[in-house]
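Some notes on the structure that comes next.
The values are calculated or read from the model by the stated rules, or taken from the named source; none is laboratory data. Just so you know, these numbers come straight off a predicted model, no measurement behind them. FYI the Cβ positions are ideal-geometry reconstructions off the backbone, even for glycines, and counts take in every protein chain you see. In case anyone asks, the SASA skips ligands and DNA or RNA and just uses the protein heavy atoms, side chains included. Shrake-Rupley method; radii C 1.70, N 1.55, O 1.52, S 1.80 Å.
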There are 2 protein chains.
Amino acid sequence: MQQALQFYLEQRKKILAQQYAGFLISWDHETQATEQSVIANADQMGVLSAYSYELMTDARFESAVETLYAHKAELEPVLAHEIEVTYKNIQETKKIPADEYVAYSQLMSEAYPIYVRAKRDNDFQLFRPYLEKIVDYVRKQTVWLATDKVQGYDVLLDMYEPNYNQAKYDAFFNLLREKLVPVVKKVTENPAPIPAWANQTWAKSKQVEFCEYLRDVLCFDKSRGIMAESAHPFTTGFGTDDVRITNFYHEDILISSIFSVIHETGHALYEQQGDKALNGTFCSGGASLGMHESQSRFYENLIGRSLEFWQVHFAKLQQIFAPQLDGVTVEEFVAYVNRAERSFVRTEADELTYPLHVMLRYEIEKLLITDELQVKDLPQVWKEKFTEYFGITPPTDVLGVLQDMHWAGGSFGYFPTYALGSAIASQLYYHMNKDFDVAQSLASGNTKQVNDWLASHIHKYGGSMYPDQILRLAIGEDFDAKYYVDYLVNKYSK
Amino acid sequence: MQQALQFYLEQRKKILAQQYAGFLISWDHETQATEQSVIANADQMGVLSAYSYELMTDARFESAVETLYAHKAELEPVLAHEIEVTYKNIQETKKIPADEYVAYSQLMSEAYPIYVRAKRDNDFQLFRPYLEKIVDYVRKQTVWLATDKVQGYDVLLDMYEPNYNQAKYDAFFNLLREKLVPVVKKVTENPAPIPAWANQTWAKSKQVEFCEYLRDVLCFDKSRGIMAESAHPFTTGFGTDDVRITNFYHEDILISSIFSVIHETGHALYEQQGDKALNGTFCSGGASLGMHESQSRFYENLIGRSLEFWQVHFAKLQQIFAPQLDGVTVEEFVAYVNRAERSFVRTEADELTYPLHVMLRYEIEKLLITDELQVKDLPQVWKEKFTEYFGITPPTDVLGVLQDMHWAGGSFGYFPTYALGSAIASQLYYHMNKDFDVAQSLASGNTKQVNDWLASHIHKYGGSMYPDQILRLAIGEDFDAKYYVDYLVNKYSK
């Protein structure tokens, strides 16, 4: 066993070093490299990923992991968890026929540019044959990876959020449907108009200045991470000491970059505030996608859309953009950032309608994976279901089925984690308020107290446990959607 | 042999993919990552470089290279050259005792931050023990790698510029000393004053705008490379399709970033204009450091300091900085960018005094490597020799022996290539002018004709031949310093 451990630790170092390289290469490609430079070096990416695969599937590594798995009880808890997850990964990888795995990698790299073109040209038919192959593979995946505990769509759900399945998500989404749809209907039938002052041009350099201010306010440790630009904002990182976010600046929308930087800083704090002892293991970073999204949504919605937060920081925004916001009150600004309306695009949706966008995708994925729906019928079914949920019909596929890139990347079972994260955020908020008055703390000018609470209750564990274990440790109970529903119903019934 | 070739090509792919990762990681570290992020991931760098070393010294790879080397005559010329260079690299690596190699890698990573601190605090004694160990290793290197053809300092010179040695450099520098020292003396005794208009603040954003303009003027293909910022400007790249430069903007010096962007674009064009067929081999990029520097210096000095170039582009500079340059004539501007004076720092030196700075380092290196000079005496000897060459004495070690980072990185034998490159540039300029009137071409508004000539005479060969072979092919003669001496004497005697 000592020998197995030694081999495991050596191989882990090699795998992590390749992951580090991959982290920086992806960062480069998504934030600065020219398209032509990226395409020209696609071969290098192939060789690098083949080596990473080779390291992970090395027979000696597998055997070391098996030995350690058999002695799990003797290992320290963090390592035991890591071994369990790694063991599962290896077992799963082995179940996928090698030729299918390779063909799928190839398909992935071909499909993405086609998806981009299809979205640009509003041409679903162009993308359809690729999506059909992807769905075909994903369906097979649910067969290859099925166990006596997890079958069908649950196989995919479990990949993105360990221990979550259709039964749990169905209960969650059914509750949302029951409680939220009437509120959405009521609120969005007479949406608040967009205030006239919001229709101005907002200089990018000033947006950047305010976003940098917000990073400081939220205690993003700038000595351990940078902010750059990309088409879609995202967070990435390696351990606690190199955590990066991106932003995108629309000169015609003041609040887009503001809420992006708050959202991404939520993700970033989760990574920066992890236990440093987890660096150099596979357990650094977050516990799951849902848990990660719970942090970003916490900052974006529960902090960033609160009156108390803006009572402190709206003056700075006014100052930077002076005189463009002269005469606007903080209450008017907060009302604006909390507007709800029926809209077609998930990423631009407000807090209230957002989970319905996710639910739509969840329902469609269930049908697709179980063969009840075929790719060719997707655009039509999307439109029908969207109309049913929202009462409006997307005029194009760009505003419909083509809007998200997830399916083009083979990510089925991913979307539900977005809604789950939002709901976990509300649950954490409830419990945090039992320890101190969050609104009052925000009114004091920074998020240090919030950050510290999240650090000690969630962040410090990184990925060293399953998300449901962390939740129980943090708040003494399991996930419960009622906090989320109560929060939204309460907020939007006012 | 077919088997050897196949193994070689497969292994080359792996080595190149790791080099690609290394290229982007270095780029990230030098242009954007925070210091703390870099330090936190030093371990990953160690693992990555160990893997690259492992690939390069793999016994099967060595055996494949040996087989191919034995059949060199049957290979295509480019591959034959690559095998010859790779064979030499492997043979040399094998001659270095493994424990010494590892200890030296360790020393290198420790020494650099100490050097930075020593330079910051003007404290040579702090750096001295590290430099002593470095020099000790480098001296041993000259013994390990000695052959019947190359010994002593020549071992190091040959590493940076194949087929160049002390005999050649001595002849070169002796000629420079003889012909240039009198001119330097004369010109710098009564240097032209810095014009009053040069003492202004030059907004960084405007400098960036003009540098981007220059990249276009010089036909830098922006679809295959970017420009970023770093403390010291540099060029890096991978193949012809991802070539990157950096710049640094001093708000109190107008021309620093301008001449940096012209210099680095010279390097970049060399890489961008290479034969695309060399991508994916070890022969992409430049033929040697000297040849690379010949290209950057060509653009910086022979184009960038010419009246004809500025006759076209000075108006744009005036426009961007209006009204700061109102009333300045192009002749006054060109006189300013051609000022020569005695100064302490190589990187800030003018075209005339520059080679003397290099000569000083060459003379000192010769003494150090042959044990005639000890590290403890370096600061004093530097001051004495500097006074002898320039007639002024550096007041501090920061302005003396600590100014360059090369020795801290173990690079002895590197400096002479800077002067060699400048000299090759003049030789190329002479021959280019036999084909067309360069000044007249520049007056037409871009450097397309110059670029094309360099592409077809130098760039297209990449690193597929030795630099002296390329020079003979390009201009039908060997390197000759007389063009450089004639050019400088002629220019500065006016």
- Query: Amide H to amide H, which residues 5 or more places from A:HIS250 or on other chains are under 5 Å from it, using H placed in the peptide plane?
  - Reply: A:SER257
- For segment B:437-452, Karplus couplings with θ = phi - 60° (6.51, -1.76, 1.60), whole Hz, Gly/Pro x: 7, 4, 4, 5, 5, 4, 5, 7, x, 9, 10, 3, 5, 4, 4, 5
- Run through the DSSP bridge list for the protein assembly as shown and note the antiparallel percent, rounded to the nearest 5. 50
- Per residue of A:235-246, what is the mean number of Cβ atoms on other protein chains within 10 angstrom of that residue's Cβ? 3
- Task: For segment A:281-426, report the convex hull volume of the alpha-carbon atoms normalised per residue, in Å³, without decimals.
- Result: 162
- Item | Helical mean residue ellipticity (222 nm; -39500 (n - 2.57) per DSSP H run of 4+; nearest 500) of the protein assembly as shown | -20500 deg cm²/dmol
- Message: As a quick test, which of the pairs B:LYS316/B:LYS460; B:LYS13/B:LYS88; B:LYS222/B:LYS448 have an alpha carbon distance above 22 angstrom in this structure?
- Response: B:LYS316/B:LYS460
- Task: Put a label point 7 Å from Cα along the Cβ direction on A:ASP326, then list its distances to the equivalent points in the other copies in nm, shortest first.
- Result: 3.0
- In whole Hz, the Karplus estimates of ³J(HN,Hα) for segment A:85-96 (6.51, -1.76, 1.60; θ = phi - 60°; x where Gly or Pro) are 5, 5, 4, 4, 4, 5, 4, 5, 4, 5, 6, 8
- Message: If I model a spin label at B:GLU251 and B:ASP478 as a point 7 Å from the Cα along the Cα→Cβ vector, what separation in nanometres do I get?
- Response: 5.3
- Which of B:LYS434/B:LYS491; A:LYS366/A:LYS491; A:LYS204/B:LYS206 have a Cα-Cα distance over 22 Å? A:LYS366/A:LYS491
- The alpha-carbon pair-distance distribution computed for segment B:327-410, with 5 angstrom bins and whole-percent values, is 3, 13, 23, 23, 14, 9, 6, 5, 3, 2, 1, 0
- Could you tell me, in Å, what Rg and Dmax come out for the Cα atoms of the protein assembly as shown? 31.9, 93
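Quick one: which of B:1-13, B:415-427 comes out on top by average Cβ neighbours within 10 Å, and what's the full order, highest first?
Going from most to least packed, we get B:415-427, B:1-13.
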- Please name which of B:ILE253, B:MET465, B:PHE234 has its Cα lying farthest along the dipole of chain B towards the positive end, using unit charges on Cβ (Lys, Arg +1; Asp, Glu -1) and the Cα centre as origin. B:ILE253
- What translational diffusion coefficient, in µm²/s and rounded to a whole number, does the Stokes-Einstein relation yield for segment A:191-291 at 4 °C and a viscosity of 1.567 mPa s, taking the hydrodynamic radius as the Kirkwood radius over Cα pairs? 88
- Using θ = phi - 60° and the Karplus relation 6.51 cos²θ - 1.76 cosθ + 1.60, list the HN-Hα couplings for segment A:280-289 in order, rounded to whole Hz, with x at every Gly or Pro. x, 10, 7, 9, 7, x, x, 7, 5, 5
- Message: Using 10 Å bins from zero, what percent of all Cα-Cα pairs in chain A falls into each bin?
- Response: 4, 17, 29, 29, 16, 4, 1, 0
- Item | Ascending list, in nanometres, of distances separating the B:GLU178 label from those of the other copies (7 Å, Cα toward Cβ) | 10.0
- Query: Share of the protein assembly as shown's accessible area from carbon and sulfur, percent, 1.4 Å?
  - Reply: 51
- Note on the structure: Partner shielding of A:257-266, as the mean number of partner chain Cβ atoms within 10 Å, equals 0
- Item | Candidate lysines - alpha carbon under 21 Å from B:LYS494, same-chain residues fewer than 8 apart omitted | B:LYS179, B:LYS185, B:LYS186, B:LYS482
- Task: In nm to one decimal, list the spacings between the B:ALA439 label point and its equivalents in the other copies, with label points set 7 Å along Cα to Cβ, shortest first.
- Result: 7.9
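Quick check on segment B:47-120: what are the equivalent-ellipsoid semi-axes from the Cα gyration tensor, as sqrt(5λ), descending, whole Å?
With the √(5λ) rule applied to segment B:47-120, the semi-axes are 33, 14, 10 Å.
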- Task: Compute the FRET efficiency between B:GLN374 and A:THR93 as 1/(1 + (r/R0)^6), taking r as their Cβ-Cβ distance and R0 = 56 Å, and round to the nearest 0.05.
- Result: 0.45
- Shielding of B:7-20 by other chains, given as the mean Cβ count within 10 Å, works out to 3
- Query: Can you give the accessible area of A:GLU110, probe radius 1.4 Å, in Å² rounded to 10?
  - Reply: 80
- Net dipole in debye of the protein assembly as shown [+1 Lys, Arg Cβ; -1 Asp, Glu Cβ; about Cα centre; nearest 20]: 620
- Item | Closest approach to the axis - chain A beta-carbon, rotation onto B, Å | A:ALA21, 2
- Place the peptides B:478-489, B:351-362, B:451-462 in order of packing, highest mean first, counting for every residue the other Cβ atoms within 10 Å and averaging per peptide. B:351-362, B:451-462, B:478-489
- On the formula 1/(1 + (r/R0)^6), with r taken between the Cβ atoms of B:SER205 and B:THR147 and R0 of 56 Å, the FRET efficiency rounded to 0.05 is 0.55
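Say R0 is 25 Å: what FRET efficiency, to the nearest 0.05, do B:GLU66 and B:TYR101 get from their beta-carbon distance?
The formula returns an efficiency of 0.75 here.
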- Task: Could you name the lysines whose alpha carbon sits less than 19 Å from that of A:LYS119, not counting residues in the same chain fewer than 8 places away?
- Result: A:LYS133, A:LYS376, A:LYS383
- Query: Where does each of B:184-195, A:278-289, B:266-277 land if you order them by average Cβ count within 10 Å, highest first?
  - Reply: B:266-277, A:278-289, B:184-195
- Net charge, A:LYS204 excluded, C-beta distance under 15 Å - Lys, Arg +1, Asp, Glu -1: -4
